[in-house]
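Reading through the structure tokens given below for one structure.
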Amino acid sequence: MKMCGIIFSEMYSDELNAFTHDRNMAAIPYGGRYRLVDFALSNMVNSGITSVGVLAKQHYHSLMTHLGNTQEWDLNRKNGGLQILPPYASESLNQANRGKLDELRNALDFLREDTSPYVVMADAHVICNMDFRPVVESHINSGCDITVVATQSKMSNSNTYKSVIQVDGNMRVTSYALDHVPQPGDYCGMSIMVMDRQVLIDTVSEFTARGVYFLERDFIQSRFNTGDLSINIYPFTDPVLRVNDIESYFSSNMALLDEGISNALFRPDRPIYTRVNDEVPSHYGMDCNISGCIIADGCILDGNAEHSVIGRGVRIAKGATVKNCIIMQGSVIGEGASLENVIVDKWATITAGSQLKGLETAPVIIRKGVTV
Amino acid sequence: MIERKKECISMLLAGGQGSRLYVLTENTAKPAVPFGGKYRIIDFSLSNCVNSGIDTVGILTQYQPLELNDYIGNGQPWDLNRNFGGAHVLPPYTKTTSNQWYKGTANAIYQNIPFIERYQPEYVLILSGDHIYKMDYNKMLQFHKEKGSECTIAVINVSMEDATRMGIMSTDENQAIVDFEEKPAHPKSTQASMGVYIFTWAALKKYLIADEADPNSENDFGKNVIPAFLRDGRPMYAYPFEGYWKDVGTLGSLWDANMDLLDPKDPLDMRNPHSKIYARNYASPSTMIAPSSKVSNSFITEGCRIKGTVENSVIYTGCEVEEGAVVSGTVLMPNTIVRKGSTVSYAIVGEQCVIEENVTIGARPEDCLGEDWGISVVGHKKTIPSGTVIKPKEIV
């Protein structure tokens with residue numbers, strides 16, 4: 001069955017403002033060589049979607065550079081392909097985020113031009129490897145108005161989830177809560193949804209015309225509560241990483257050291273694509289000591305690194321020590337410097353002998369291009 | 001009608017079998033053999049073209065071309081997907097009057113005269129896809145023009161010993177070629193041909209046609225065309241090249257060239273951002289270096305999982321070294337797995353191999369003093385059963 005895709009590129013951008021002052025959520029570097037958007041986008045491509053709209057509101061320069069002509073995702077096509085959908089220069093510019101329905105207004109032309117019966121919507125901040133074809137199949141079979149992909153909460157935790165859904169024994173939805181803490185057995189939405197394309201167009205037009213902008217609250221929740229909307233839950237059982245603040249960004253990077261998670265995310269049958277940089281393979285020096293690290297290409301590693309994620313083209317000089325850190329592309333760690341629980345954004349320089357130490361729950365953050 | 005032209009186009013001879021690479025070229029052409037972690041040998045010539053401003057490259061294939069065709073694709077990884085020009089794979093094809101394979105290097109170019117003429121070039125650069133080097137062909141082209149040359153051959157200074165195995169140019173004080181000898185027993189000079197030629201197209205075309213008409217010719221550049229230019233006293237010059245250049249035509253030289261990448265002085269200038277070597281990339285995640293691993297003095301590409309010991313080695317995309325396995329002085333080609341308890345020393349292991357547990361491949365030279373030592377080689381897609389011992393110099 002044919003489907004098109006919509007990616008929301010800046011959900012939670014504000015919570016990661018240390019990295020988003022000049023890029024949006026979708027363009028945040030992740031896992032050494034990726035940007036967050038690569039996952040949602042590759043999932044769509046691997047599910048046979050050839051027409052994708054990426055909604056972008058601000059700071060999307062970096063995202064545009066990353067996507068380029070989209071040939072790495074095979075989306076440089078005559079029919080369909082990838083479109084970045086910035087807002088029309090209208091009243092919505094310079095306004096605080098008014099919600100997904102508002103954003104989707106910028107996708108109306110894209111949606112109208114498309115001919116697929118179904119739309120898959122995903123947020124850039126959710127990292128997983130998913131085939132959307134069975135999701136759409138489940139949507140069709142359910143006959144519901146909307147399908148929400150969700151993970152089941154196994155044990156009690158105190159994290160708040162965007163949407164928490166309770167079901168009965170027949171997987172029929174009994175309650176739909178927002179920004180809520182799940183009980184064991186509850187389903188937590190992954191911000192991946194399927195709707196009929198025409199229904200989505202009508203919903204967006206109708207709701208935004210009335211000045212109602214929030215998809216989850218104003219459409220799904222309120223319609224569900226009045227009995228006017230049926231929700232189908234598609235349970236997803238593979239690992240999922242949600243990045244919605246600095247702490248989860250940090251732990252989601254470190255999660256790649258877990259082979260089970262890494263195997264589930266990077267499946268040879270459904271690769272995650274990203275922009276190619278033509279870096280040389282990384283050189284591990286004579287006296288380096290690297291253990292428990294994720295390392296991209298182009299690095300020169302002469303120092304020590306432990307339990308860290310090292311991006312493309314990073315240099316770790318002799319005698320430098322990096323522990324529990326995320327070092328992004330092109331940054332240089334000088335001789336004898338010592339870093340623990342630090343996130344170093346791109347192209348930063350940590351001068352020789354510097355000592356930086358953060359907490360696991362509150363890492364020190366070094367901004368892009370800064371010299372310390 | 002005024003036709004669009006290219007000043008210089010390149011013809012890359014990629015049809016050779018490379019039989020001295022034995023198992024590594026059993027099912028693939030030499031230019032498609034993996035090199036240096038993420039590259040294939042042909043990437044160096046292709047990237048040199050692009051970095052020298054040459055955006056039209058004919059790639060002549062004949063022996064086992066499937067992998068190479070697939071690899072080149074539309075030329076996009078090298079920026080060679082051009083509307084006018086770009087990468088073109090040129091296998092031999094049937095014609096109304098003849099129907100033949102490429103008989104020799106000169107015949108391969110002769111058969112593609114119609115391709116070359118589509119671009120109306122002034123000059124044609126002839127390359128072979130089996131050397132590892134970085135070179136600005138544009139500088140050589142300037143030299144060719146300044147000298148008023150019709151045939152310019154790039155040369156590199158080699159040792160007297162190496163000179164006996166190569167094509168050697170003797171030149172006058174102006175770099176004009178006065179003599180050319182193939183593998184001389186007593187070399188008159190140490191300027192060896194790098195297999196990089198620039199011809200003025202009008203002159204080359206004439207000579208190719210004459211060469212084709214000669215039934216006694218082997219239709220080879222080195223044996224026939226260049227001697228003919230020399231015999232007729234055409235203006236020929238040797239362009240001296242300085243820098244890293246390596247023929248990777250033998251297993252030993254292929255291993256050496258890989259190990260040269262580990263030199264911190266970077267003799268090949270791989271990290272120069274203005275002359276990047278491009279390659280087709282496969283989507284693989286960053287490499288994982290597990291806590292149980294020990295890695296030193298190695299080149300490791302993305303997509304690997306290293307849990308064992310890796311030293312003095314070049315590890316290509318997608319390899320896995322399990323806990324307790326030891327890989328040293330070795331070239332592991334893409335997607336090869338070395339399982340627990342295995343030791344791989346001084347070896348080249350081909351693509352997609354599985355080295356099962358407790359296998360011993362090769363040995364360090366210091367451990368077989370007095371014995372016959374050499375690197376061990378495992379071909380592509382081989383599974384080596386548990387407990388196997390592959391001796392130094394053995395080829396599997």
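The values are calculated or read from the model by the stated rules, or taken from the named source; none is laboratory data. Bear in mind that the values here come from a model prediction, so they are computed numbers and not experimental data. Using ideal geometry, Cβ is built from the backbone for each residue, glycine included, and neighbour counts are taken over all protein chains shown. All accessible areas refer to the heavy atoms of the entire protein, side chains included, with ligands and DNA or RNA removed. Shrake-Rupley method; radii C 1.70, N 1.55, O 1.52, S 1.80 Å.
Could you look through the range A:331-340, keep only residues that are open to solvent by 10 Å² or more (accessible area, probe 1.4 Å) and under 28 Å from the mean Cα position of the chain (by Cα), and pick out the one that is farthest from A:GLY32 (Cα to Cα)?
If we take residues in the range A:331-340 being open to solvent by 10 Å² or more (accessible area, probe 1.4 Å) and under 28 Å from the mean Cα position of the chain (by Cα), then A:GLU340 is farthest from A:GLY32 (Cα to Cα).
State the number of residues belonging to the range A:179-194 that are assigned to a strand (DSSP E or B) and either over 20 Å from the mean Cα position of the chain (by Cα) or not assigned by TED's automatic domain parsing to the domain that holds A:ALA107 (or both). Walk me through how you get there before you give the answer.
Within the range A:179-194, the subset assigned to a strand (DSSP E or B) is A:179-180, A:187-194.
If we keep only those that are either over 20 Å from the mean Cα position of the chain (by Cα) or not assigned by TED's automatic domain parsing to the domain that holds A:ALA107 (or both) too, we end up with A:180.
Here the count works out to 1.
Taking B:ARG271 and the conditions (1) surrounded by fewer than 18 Cβ atoms within 10 Å (Cβ to Cβ); (2) modelled with pLDDT of 95 or more; (3) within 13 Å of chain A (Cβ to nearest Cβ), which numbered condition does it fall short on, given that it satisfies the others?
(2)
Taking only the range A:1-28 into account, find how many residues are open to solvent by less than 10 Å² (accessible area, probe 1.4 Å), farther than 18 Å from A:MET121 by Cα and in a loop (DSSP other than H, G, I, E, B).
Counting residues in the range A:1-28 that are open to solvent by less than 10 Å² (accessible area, probe 1.4 Å), farther than 18 Å from A:MET121 by Cα and in a loop (DSSP other than H, G, I, E, B) gives 2.
Quick one: A:THR237 ticks every box in (1) more than 10 Å from chain B (Cβ to nearest Cβ); (2) modelled with pLDDT of 95 or more; (3) in a loop (DSSP other than H, G, I, E, B); (4) over 26 Å from the mean Cα position of the chain (by Cα) bar one, so which box is it?
With respect to (1) more than 10 Å from chain B (Cβ to nearest Cβ); (2) modelled with pLDDT of 95 or more; (3) in a loop (DSSP other than H, G, I, E, B); (4) over 26 Å from the mean Cα position of the chain (by Cα), A:THR237 is out only on (4).
Tell me, yes or no, whether the range B:282-296 has at least one residue that is open to solvent by less than 20 Å² (accessible area, probe 1.4 Å) and in contact (Cβ under 8 Å) with a residue 40 or more places away in the chain.
no
What residue, of B:VAL344, B:VAL314, B:VAL349, B:VAL354, is within 14 Å of chain A (Cβ to nearest Cβ) and either free of Cβ contacts under 8 Å to residues at least 60 places away in the same chain or closer than 17 Å to B:PRO34 by Cβ (or both)?
Details: B:VAL344 fails: within 14 Å of chain A (Cβ to nearest Cβ); B:VAL349 fails: within 14 Å of chain A (Cβ to nearest Cβ); B:VAL354 fails: within 14 Å of chain A (Cβ to nearest Cβ).
The conditions single out B:VAL314.
May I ask you to verify whether A:ASP38 is in contact with a His (Cβ under 9 Å, 6 or more places away or on another chain), under 25 Å from A:VAL149 (Cβ atoms) and of a type in the set (Asp, Glu)? Please lay out each step first, then the result.
Numbers: in contact with a His (Cβ under 9 Å, 6 or more places away or on another chain): yes; under 25 Å from A:VAL149 (Cβ atoms): yes; of a type in the set (Asp, Glu): yes.
In short, yes.
State whether the residues of the range B:274-291 include one that is more than 8 Å from chain A (Cβ to nearest Cβ) and out of contact with any helix residue (DSSP H, G or I) (no Cβ under 8 Å at 6 or more places or on another chain).
Here is the first cut: in the range B:274-291, the residues more than 8 Å from chain A (Cβ to nearest Cβ) are B:274-275, B:280.
Within this subset, residues satisfying the condition of being out of contact with any helix residue (DSSP H, G or I) (no Cβ under 8 Å at 6 or more places or on another chain) are none.
The answer is no, given that none of the residues of the range B:274-291 is more than 8 Å from chain A (Cβ to nearest Cβ) and out of contact with any helix residue (DSSP H, G or I) (no Cβ under 8 Å at 6 or more places or on another chain).
Looking at this structure, is A:ASP123 assigned by TED's automatic domain parsing to the domain that holds A:ALA255, in contact (Cβ under 8 Å) with a residue 40 or more places away in the chain and surrounded by fewer than 18 Cβ atoms within 10 Å (Cβ to Cβ)? Break it down into steps so the answer makes sense when it comes.
Values: assigned by TED's automatic domain parsing to the domain that holds A:ALA255: yes; in contact (Cβ under 8 Å) with a residue 40 or more places away in the chain: yes; surrounded by fewer than 18 Cβ atoms within 10 Å (Cβ to Cβ): no.
No: the conditions fail for A:ASP123.
Does A:SER262 qualify as being free of Cβ contacts under 8 Å to residues at least 12 places away in the same chain and either in a strand (DSSP E or B) or touching a Leu at 6+ places or on another chain (Cβ under 7 Å) (or both)? Lay out the reasoning, then the answer.
Values: free of Cβ contacts under 8 Å to residues at least 12 places away in the same chain: yes; either in a strand (DSSP E or B) or touching a Leu at 6+ places or on another chain (Cβ under 7 Å) (or both): yes.
The answer is yes for A:SER262.
Which residues, counting only those in the range A:308-330, are within 14 Å of A:PRO363 (Cα to Cα), in a strand (DSSP E or B) and either without any contact (Cβ under 8 Å) to a residue 60 or more places away in the chain or open to solvent by 10 Å² or more (accessible area, probe 1.4 Å) (or both)?
Scanning the range A:308-330 gives A:SER308, A:VAL322, A:LYS323, A:ILE327.
From the list B:SER10, B:SER19, which residue is under 20 Å from B:TYR102 (Cβ atoms), without any contact (Cβ under 8 Å) to a residue 24 or more places away in the chain and either open to solvent by 10 Å² or more (accessible area, probe 1.4 Å) or touching a helix residue (DSSP H, G or I) at 6+ places or on another chain (Cβ under 7 Å) (or both)? Let's see the steps before the verdict.
Numbers: B:SER10 fails: without any contact (Cβ under 8 Å) to a residue 24 or more places away in the chain.
Of the residues listed, the single one that is under 20 Å from B:TYR102 (Cβ atoms), without any contact (Cβ under 8 Å) to a residue 24 or more places away in the chain and either open to solvent by 10 Å² or more (accessible area, probe 1.4 Å) or touching a helix residue (DSSP H, G or I) at 6+ places or on another chain (Cβ under 7 Å) (or both) is B:SER19.
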